[in-house]
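Scroll down for the structure; my scribbles are underneath it.
Derivation of every value follows stated rules applied to the coordinates shown; laboratory data play no part. None of these values were measured; they are calculated from a predicted model. Reconstructed Cβ throughout: ideal geometry from the backbone, glycine too, with neighbour counts over all protein chains shown.
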Amino acid sequence: MKIWKMTLTGALSIGLLAACGGGNDDADTNEGGGNNADGNAENSEAEASEVSGEITVWGWNVAAASMELAVEQFQEEYPDVDVVVEDIGREDLYDRLTVGLASGGSGLPDVTMIETDRLDNYFAEFPDGFVNLSEYGFDEYEGEFPEAKAEAMKDADGNFLAAPWDIGPAGVFYHVPHFEEAGVDPDSIETWDDYIEAGEQIQEATGAQMAPIDISSDDALFRMMMNQLGTYYFDEDGNIDIDSDEAQQALAKIQEMREADLIANVDGWDGTVTATINHQVATVPFGVWYAGTIMDQAPEQEGEWDVFKLPAFDGDGNRDANLGGSDLSVLSHTENPDAAYAFVEYFTTDVDAQMVALEEYGLFPSLTAAYDEPFFEEEDEFFNNSPIWSTFAEVAEGTLPANYTSDYARALRYSADAQAEALLSGGEVQDALGEAAGRIENETGRERAN
Amino acid sequence: MTDKKKTSVIIRKILLYITLGIGVILSIFPFYWMFIGATNPSGAIFSVPPNLLPGDFLVENFTNLNENVGIIRVLMNSLIIALTFTFFAVLIAAAAGFAFAKYQFKGRNAIFFTLLLAIMIPYHVTLIPLFQMMADLGWLNTYRAVLLPNLAYPFAIFLMRQNMRSIPNSLLEAARVDGAGEFKIFFQIVLPTMRPALAAVAIFLFMFQWNNFLWPLVVLGDSDMYTLPVALSSLVGMSRVDYGQIMMGTTLSVLPIMIFFLLLQRQFISGILGGSVKE
């Protein structure tokens with residue numbers, strides 16, 4: 001397994017490098033695919049019954065399964081369109097997508113899933129690779145998604161190159177028995193200072209720490225906090241903003257937790273899950289999708305988990321943030337853009353399709369109309385009979401936009417380095433983030449905002 | 001005196017067996033852990049302290065795995081690809097190695113040197129051009145797209161050439177005097193004497209193709225055509241991974257290699273050492 005993982009990461013980065021070099025050839029080798037898409041734009045109003053053909057869709061496990069479930073309904077509206085959903089591993093999908101786009105569209109599907117934070121990178125590397133959904137009229141749905149999500153779908157000119165699907169509103173998953181044992185009322189935790197105080201109390205009573213972080217390689221908590229404070233690696237103009245006052249405030253708060261011995265330094269994803277289900281930590285601040293992970297890996301802990309919103313930085317500060325999410329794009333070499341668009345439009349804007357994905361596989365919709373469904377008022381038995389889904393829906397609607405940019409992956413690496421510097425080596429937050437900003441500047445040539 | 005010697009021999013033996021025993025445990029434990037994972041539900045792999053006893057989830061994991069990736073079909077793909085590849089690649093490596101070792105021809109060293117250089121090219125560099133070539137030929141999603149690009153495997157040719165050098169020239173000359181043609185010499189004299197080396201190269205190439213991941217991933221788009229590593233990797237989504245199924249699949253993927261190796265291990269070891277010493 002390990003060796004595969006290594007080859008994969010290697011291959012992906014090399015693939016992207018090679019892609020940079022060969023970027024200019026894309027348009028020539030495209031064999032007319034791109035033109036096809038533009039030319040057919042006027043047909044977007046065509047009657048559903050006139051759209052026909054077979055399309056292939058890529059997605060990874062539960063996402064692929066939930067699209068599969070939607071096909072039947074889709075075909076009631078579009079009886080002549082056949083949809084083949086291919087279930088591909090997440091990293092594998094990116095490897096194949098990158099190789100396919102770099103070689104001009106060979107072997108690619110008509111529609112693919114891409115995570116929101118990777119979109120800008122693909123749009124920048126392969127500007128001719130994606131069908132402009134705005135030309136097919138996707139703009140009319142803009143208001144049906146949270147603004148932060150919709151903005152992330154667009155290229156520099158404001159065109160939709162992807163349709164929003166799932167979203168990762170953040171919250172703090174907490175283990176109820178630990179809170180009861182320590183006598184801590186989760187509702188009383190409104191600020192990160194309250195959280196630290198509660199953490200000290202819980203640790204004294206139960207020995208458990210508060211949050212698992214893979215300190216030297218993942219900065220998820222830092223990103224959620226930055227998002228809360230309305231900042232991110234880059235500002236809205238794409239300038240490097242990782243050393244903003246707000247980002248410093250966020251990292252300093254995590255450093256404070258670490259100094260109070262509330263952070264468990266875990267090893268990667270497996271370490272996070274191990275710490276969670278064995279109660280080395282009493283809480284896990286993460287995106288909504290972590291609910292599925294806990295249910296899968298610890299089914300016997302039903303009723304022991306619950307969720308509260310991320311604590312704020314000030315008394316009435318913002319408690320909403322997002323972590324993760326994915327989207328559907330139509331690839332421009334497709335021979336059947338009308339059918340491909342029809343599927344994307346149906347799947348991302350149909351409340352029923354989105355609710356099936358949520359109820360069966362825990363994929364949280366970004367389509368806000370879905371939040372009115374009765375499911376969101378339901379009390380979830382696994383989660384202490386709390387209406388956690390409506391909590392997450394509130395978070396989704398209040399989340400501020402984040403500008404991921406095409407240099408997201410590079411920034412993430414330096415940000416994790418800065419986190420390690422501040423948490424493991426006891427460095428000053430200001431210096432660590434300033435250094436990260438300098439390195440990102442060197443590597444990307446972007447301006448610094450501070 | 002002899003008693004003392006005896007005890008020292010016994011002590012030495014005990015130490016030796018303890019050391020070997022530790023080695024055995026270290027090398028077998030990962031396989032055991034994999035087997036434990038394959039017989040337990042997914043979450044069990046995370047328990048602290050680790051659960052070291054087999055569970056009763058074997059059948060369920062297999063059923064789930066088969067439902068998800070069609071494991072029988074996938075195993076067949078892997079076997080067909082790996083065996084076909086091994087057969088032809090060994091033949092090509094042996095023939096090329098023989099030519100490099102025993103024939104004098106113009107540019108022999110230049111060609112051999114170029115071949116050695118090819119070993120040093122990281123495969124990532126050739127990935128996209130090669131993929132493009134397969135796409136232009138219309139070969140995506142076929143066995144031949146996986147098989148052909150690696151069929152002349154430089155390292156295997158190099159290994160065969162080193163081994164072929166130990167064949168005495170006089171033997172070949174004697175055969176020629178007796179009227180044997182070059183093909184007859186190759187198939188009836190050279191290959192039988194090279195059996196250990198052939199087995200070593202065969203194991204090496206079989207393992208290479210059996211474990212080969214990135215190239216099959218990229219050229220085999222249809223899940224019906226997946227090889228085992230590609231199919232297993234498709235089980236890893238984002239936040240939801242069924243480790244029971246993955247361990248089940250990994251167990252299945254290790255078995256053929258183990259069988260192949262156990263059958264040929266004697267040849268494997270003597271083959272790797274062959275050619276290293278001139279006798």
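Taking label points 7 Å from Cα along the Cα-to-Cβ direction, B:Ile25 and A:Asp82 give a separation of 5.8 nm. Among A:Phe343, B:Phe208, A:Phe173, a tally of other beta-carbon atoms within 10 Å of each Cβ gives an order, fewest to most, of B:Phe208, A:Phe173, A:Phe343. Distance from the alpha carbon centroid of region A:85-113 to that of region B:133-157 works out to 20 angstrom. Can you tally the net charge around A:Glu142? Count Lys and Arg as +1, Asp and Glu as -1, for every other residue whose Cβ sits under 12 Å from the Cβ of A:Glu142. Within the 12 Å Cβ shell, the charges total -3. Overall dimensions of the protein assembly as shown, expressed as equivalent-ellipsoid semi-axes from the Cα gyration tensor (√(5λ), whole Å, largest first), are 50, 35, 25. Summarising the amide proton neighbourhood of A:Glu86: residues at separation of 5 or more, or on other chains, whose placed amide H is nearer than 5 Å comprise A:Val57, A:Trp58, A:Gly59. Shielding of peptide A:244-250 by partners, expressed as the average count of other chain Cβ atoms within 10 Å per residue Cβ, is 0.
Dividing the radius of gyration of the alpha carbons in region A:179-247 by their Kirkwood radius gives 1.11 for Rg/Rh.
Charge dipole of chain B (Cα centre as origin; +1 on each Lys and Arg Cβ, -1 on each Asp and Glu Cβ, all else neutral): 1380 debye, rounded to the nearest 20.
Modelled this way, with points 7 Å down the Cα-to-C-beta line, the labels at B:Phe105 and B:Glu67 are 5.8 nm from one another.
Note on region A:322-450: with charges restricted to the Cβ of Lys and Arg (+1) and Asp and Glu (-1), its dipole about the Cα centre is near 840 debye. Seen from every direction in turn and averaged, the convex hull around the alpha carbons of region B:22-87 projects onto 6.5 nm². The C-alpha atoms of region B:64-273 occupy a region whose extents along the principal axes are 68, 39, 26 Å, arranged from largest to smallest. Per-residue ellipticity at 222 nm from helix content only, as computed over the protein assembly as shown with -39500 (n - 2.57) for each DSSP H run of at least four residues, stands at -17500 deg cm²/dmol.
May I ask you to sort A:Trp192, A:Trp60 by Cβ crowding, counting other Cβ atoms within 10 Å and putting the fewest first?
Neighbour counts put them in this order, fewest first: A:Trp192, A:Trp60.
Quick check on packing: order A:418-428, B:222-232 by the mean number of other C-beta atoms within 10 Å, highest mean leading.
Top of the packing list down: B:222-232, A:418-428.
Determine, at each q value in 0.15, 0.16, 0.22 (inverse angstroms), the log₁₀ of I(q)/I(0) that the Debye formula gives when each Cα of region B:59-183 is one equal point scatterer. The calculated log intensity ratios at q = 0.15, 0.16, 0.22 Å⁻¹ are -0.89, -0.96, -1.27.
Net charge near A:Ala65: determine it from the other residues with C-beta under 9 Å of the C-beta of A:Ala65, scoring Lys and Arg +1 and Asp and Glu -1. Overall, the nearby charge balance is -3.
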